[in-house]
1. Residue 229 - would you say it is surrounded by fewer than 21 Cβ atoms within 10 Å (Cβ to Cβ) and within 23 Å of residue 247 (Cα to Cα)?
2. Residues being assigned to a loop (DSSP other than H, G, I, E, B), modelled with pLDDT of 90 or more and crowded, with 20+ Cβ neighbours inside 10 Å: count how many of those fall in region 24-45.
3. Which one of 55, 20, 50 is under 17 Å from residue 85 (Cα atoms) and either crowded, with 16+ Cβ neighbours inside 10 Å or within 16 Å of the chain's Cα centre (by Cα) (or both)?
4. Looking at 114, 145, which is the one that is closer than 19 Å to residue 269 by Cβ and within 17 Å of the chain's Cα centre (by Cα)?
5. Name, by its number, the condition in (1) in contact with a strand residue (DSSP E or B) (Cβ under 9 Å, 6 or more places away or on another chain); (2) surrounded by fewer than 22 Cβ atoms within 10 Å (Cβ to Cβ); (3) on the phi > 0 side of the Ramachandran plot that does not hold for residue 235.
6. I'd like to check something: does region 12-23 contain any residue that is out of contact with any strand residue (DSSP E or B) (no Cβ under 9 Å at 6 or more places or on another chain), without any contact (Cβ under 8 Å) to a residue 24 or more places away in the chain and in a loop (DSSP other than H, G, I, E, B)?
7. Here are some conditions: (1) part of a strand (DSSP E or B); (2) within 16 Å of residue 257 (Cβ to Cβ). Residue 51 meets all but one. Which one does it not meet?
8. Does residue 94 satisfy being part of a helix (DSSP H, G or I) and more than 21 Å from residue 232 (Cα to Cα)?
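The values are calculated or read from the model by the stated rules, or taken from the named source; none is laboratory data. Note that the coordinates shown come from a computational prediction; the quantities given were computed from them, not determined experimentally. No Cβ is skipped: glycine too gets one built from the backbone with ideal geometry, and neighbour counts run over all protein chains shown.
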């Protein structure tokens with residue numbers, strides 16, 4: 001796979017299609033070069049370009065992107081995954097349930113169809129690196145945008161029990177309500193202690209900044225725990241370093257980004273199959 005500096009030589013002409021990634025901040029994001037290379041490896045003359053957009057400017061930006069005829073879709077990242085729903089005419093079942101979107105593609109009439117690929121990508125990263133989800137007891141840290149989509153994917157993959165911990169208890173309760181009707185047992189965790197679980201999933205933003213505290217006390221990790229992390233593009237987080245030192249199976253945020261390449265490409269290409 002071509003990534004990073006190798007993507008600099010990708011072709012860009014007047015017929016190139018665009019797939020912007022919209023968020024703030026984007027300093028840590030590797031997706032533009034990874035997606036651009038992957039699109040072209042798949043025969044799609046498409047480039048992913050970063051667009052740093054503050055929350056108050058999202059409406060103006062989305063109006064411009066909808067009007068641009070060579071923008072085929074939009075990748076949505078923090079802090080816009082909830083707000084971007086307002087610009088979608090149609091939504092996937094996952095986005096309808098969770099109230100978030102991470103990817104938009106064109107409907108036949110030019111409007112946006114929204115979906116969240118975070119759960120699919122995180123689940124693939126976990127299983128590709130050896131995690132067993134079916135029948136497992138799983139602790140999920142973070143009930144925000146990524147965490148909501150990940151919760152749906154874990155339950156649909158057969159998790160026996162999903163405990164959710166978020167310092168903002170109202171977010172945990174809201175997510176639990178959104179998960180109603182899915183298989184598996186869902187509960188609120190009072191602490192981020194993973195001792196009663198086989199899989200620990202960090203879907204919180206802790207680890208993104210260099211001075212962040214880890215999302216849980218690291219001495220709670222044990223060697224038979226599988227640990228997944230959504231944090232990408234910043235090197236090895238304190239959580240990942242401690243988990244690997246303990247001998248845990250791990251899947252970091254970069255693994256999630258690699259997993260999403262085909263998922264996002266297939267989602268984007270679907271607009272031209274309809």
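1. no
2. Qualifying residue count, region 24-45: 0.
3. Going through 55, 20, 50 in turn, the sole match is 20.
4. 114
5. Among (1) in contact with a strand residue (DSSP E or B) (Cβ under 9 Å, 6 or more places away or on another chain); (2) surrounded by fewer than 22 Cβ atoms within 10 Å (Cβ to Cβ); (3) on the phi > 0 side of the Ramachandran plot, residue 235 violates only (1).
6. Yes, region 12-23 contains a residue that is out of contact with any strand residue (DSSP E or B) (no Cβ under 9 Å at 6 or more places or on another chain), without any contact (Cβ under 8 Å) to a residue 24 or more places away in the chain and in a loop (DSSP other than H, G, I, E, B).
7. (2)
8. yes
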